[in-house]
Amino acid sequence: MTWFLLSMCVIAVIVIPGTIALFVRPKATPGSKVSLWVDLWDAKAQTVRKMPLEDYLVGVVAAEMPASFGLEALKAQAVAARTYTVRKMLQNQENSASRDAHRGAVICSDPSHCQAWNSREELLRKWGVAGYLGNIRKIIAAVEETDGLVVTYNGSLIDAVYHSCCGGMTEDAADVWGRRIPYLVAVSCGCQRKALELGEMKTWERAELLAALGLGGTSLPAIASGVQVVARTATARASMVSVYGITVAAAELRKALSLKSTRLAVVSDTRSVTFTTTGYGHGVGMCQWGAEVLAQAGWTFDAILKHYYFGADIQRLD
């Protein structure tokens, strides 16, 4: 693959004191037999990169999932990322606002907006020279062995959202984004142990909390004494939180306070509040750590995807 390494590529490594240059003979160029090319806004480099879809997916899988994960989990990630990308490409054909947000590209490398993506240089820094070749070959295998496969529902590409760790149950899209999506419903997951490891505790002084939520100048009810979860979803995630008498959507609170998850507990008084979270992410769609648990249990990538995207099918792009 143009940006990384293919079994069919010729690799030359030139070592210069203090630097390493990796040269890869391109497998494809614009106009050759590559079905889709991606225009990517690289948010870190502040530039638009053009590359074959499958090359782009290598950078996504390498950024979104640890290379130590089982191959079937990595393959599930590759298919989910391919589905997400192609769907966005089709949507953006008529969406000038989205292209403007991506500086003319159809997708960006900011995980808070689209999908994470790492360049070859970033992966060399992350994995080191010793780990790079083994890891990248594994990632490439995940992409190549699922070449052209996408997830569909009733014949249409799904919105293949995913997250790091749900904490035992994924979430219904209706409880997070306010709209029902038949294939994005709550399903069981085996990521509880990792969810506890990813847990965090954050304490805010009252004034800091109100300022972060944009409530600094708000007149609070006289009887307000603290912060508490006043409504939860069917999977025990917070949906509404009372902040000194003012009700705030848990999703908005998570975003404003940079909390890892809405799977949270609260302890507060009139002066401060402590949030304790487990898991990481919005909880909708495929749980990446859950996918790893299933892969280690012997599940294939397609079974993993069908578990997290209820009623969905795996099809090949025409």
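The values are calculated or read from the model by the stated rules, or taken from the named source; none is laboratory data. Only a predicted model underlies this, so the values are computations on that prediction, with no experimental measurement involved. No Cβ is skipped: glycine too gets one built from the backbone with ideal geometry, and neighbour counts run over all protein chains shown. Note: accessible area is taken over every heavy atom of the protein model, side chains too, but ligands, DNA and RNA are not part of it. Shrake-Rupley method; radii C 1.70, N 1.55, O 1.52, S 1.80 Å.
Return yes when Ser219 is touching a residue at least 12 places away in the same chain (Cβ under 8 Å), more than 30 Å from Ala78 (Cβ to Cβ) and open to solvent by 20 Å² or more (accessible area, probe 1.4 Å) and no when it is not. Explain how you work it out, then say what you get.
Details: touching a residue at least 12 places away in the same chain (Cβ under 8 Å): no; more than 30 Å from Ala78 (Cβ to Cβ): yes; open to solvent by 20 Å² or more (accessible area, probe 1.4 Å): yes.
Considered against the rule, which asks whether it is touching a residue at least 12 places away in the same chain (Cβ under 8 Å), more than 30 Å from Ala78 (Cβ to Cβ) and open to solvent by 20 Å² or more (accessible area, probe 1.4 Å), Ser219 comes out as no.
Annotation note: of Ser219, Ser261, Ser225, the sole residue that is modelled with pLDDT of 95 or more and either touching a His at 6+ places or on another chain (Cβ under 8 Å) or not in a helix (DSSP H, G or I) (or both) is Ser261. Taking Glu292 as meeting all but one of (1) surrounded by fewer than 16 Cβ atoms within 10 Å (Cβ to Cβ); (2) within 15 Å of the chain's Cα centre (by Cα); (3) among the acidic types (Asp, Glu), write down the number of the exception. Only one criterion is unmet by Glu292, namely (1).
Of all residues in the range 242-285, those satisfying the criterion of being open to solvent by less than 50 Å² (accessible area, probe 1.4 Å) and among the hydroxyl-bearing types (Ser, Thr, Tyr) are Ser242, Tyr244, Ser261, Thr262, Ser268, Ser272, Thr274, Thr277, Thr278. Only one entry in Ala160, Ala195, Ala173 is under 11 Å from Val284 (Cα atoms) and in contact with a Ser or Thr (Cβ under 9 Å, 6 or more places away or on another chain), namely Ala160. Name the residues in the range 127-161 that are under 18 Å from the mean Cα position of the chain (by Cα) and either of a type in the set (Asp, Glu) or open to solvent by 10 Å² or more (accessible area, probe 1.4 Å) (or both), would you? Result: Leu157, Asp159, Val161.
Residues in the range 186-214 that are surrounded by fewer than 20 Cβ atoms within 10 Å (Cβ to Cβ), touching a residue at least 60 places away in the same chain (Cβ under 8 Å) and farther than 25 Å from Gly226 by Cβ: 4 in all.
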